[in-house]
Structure formats: structure tokens, C-alpha cells
Amino acid sequence: MRANVILFWLLAAFFAVAAVVYAIWTSVDDLDPGPEWVGIVAVSLAAVLSAFLAFYLGRVHASQGGPLPEDRLDANIDDGDPELGFFSPWSWWPIVLAGAAALAFLGLAIGFWISFIAIPLVLIGLVGWVYEYYRGNFAR
């Protein structure tokens, strides 16, 4: 994580210097007097974005209480294995929901009338996935 913070700070400094060089370079053009503002703003905003990312990652690194297992050389693979959640291996509802969402996006691309068919299927898939543990063999 610390290496990412350093890289983003270096990237922010590079884009800041590149914005200044670009502003000077486009200002001395003989054909078009004055700077080219779109490029200056774009490169400057790239510097600001890199600085934001570096600041955020630096704060996260400082608040996590030490290096992550992925950053230590003596860590095992199992040290960085967090609990990601519970996923049903037998559930068909994610497939139903993905198909209905694909049909909804197809309706946006081809014809809006397809979305009228897809929206109820999306709702059925979403409700089925949420409430699959309240009915049947796997009710809790």
C-alpha cells in the first residue's frame, strides 16, 4: 500500500510539472497566441486526481494499523484471506437476475418495449434471491 501512495504522489508531481510545461509550450506558439486551455485543464485535473488518490490511500494506510499481509515478505497466503460473505452454491436466482438485467439493457439498446417485459423479470429475480432462505428446504 505504501508503494502505491508513493507512486501516486510521484504521478501527481509529474502531471503538475507537465501541466506547467504544456502551458508554457502552447503560450509561445507563433500561429495561435495564448495558451491552449483544454489541455492545460485536462493535465492539471489529472494531477489533482492523482493527488486525491495518493492522499486517500495514505490515510487508509495510516488507519489500518500496519502493513497488510499482502505487503509483508514473511506472510503466508492464508494470512490475507478474509471472509467475503456467504454465497449459495445451489441458487439459480443470480442467473435469473442476470438474464433479466441483460434483457433490460437490450431493451434500452434495441427497443424500449423490451424493457416492459424485463422489469417484472428483474423484480421477480431480485425478490427471489433476497427471500430464498425464507421458504423451502433452506428456510431458517
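Size check on the stretch 34-79: the Cα extents along the three principal axes, sorted descending, read 57, 19, 12 Å.
From the Kirkwood radius over Cα pairs of the stretch 93-138, Stokes-Einstein at 20 °C and 1.002 mPa s returns a whole-number translational diffusion coefficient of 197 µm²/s.
Among the listed options (i) 17.6; (ii) 20.8; (iii) 16.3, the one matching Kirkwood radius over Cα pairs in Å as calculated from these coordinates is (ii).
Charge dipole of the chain (Cα centre as origin; +1 on each Lys and Arg Cβ, -1 on each Asp and Glu Cβ, all else neutral): 640 debye, rounded to the nearest 20. Each of Val21, Met1, Pro82 was placed along the dipole of the chain (beta-carbon charges, centred on the mean Cα), and the one lying farthest toward the positive end is Pro82.
Only helices enter this figure: runs of n ≥ 4 DSSP H residues, each worth -39500 (n - 2.57), summed and divided by the residues of the chain, yield -22000 deg cm²/dmol at 222 nm to the nearest 500.
Taking θ as phi - 60° and the Karplus parameters 6.51, -1.76 and 1.60, the scalar couplings of the stretch 114-126 work out to 5, 5, 5, 7, 6, 4, x, 5, 4, 5, 5, x, 5 Hz in sequence order, x denoting glycine and proline.
Computed from Cα atoms alone, the Kirkwood hydrodynamic radius reported for the stretch 2-80 is 14.8 Å.
None of the figures in this text is laboratory data; all of them are computed from the coordinates on show. Bear in mind the structure is a predicted one, so any value in this text is a computation, not a measurement. Glycine also receives a Cβ, built like all others from the backbone with ideal geometry; neighbour counts cover every protein chain displayed.
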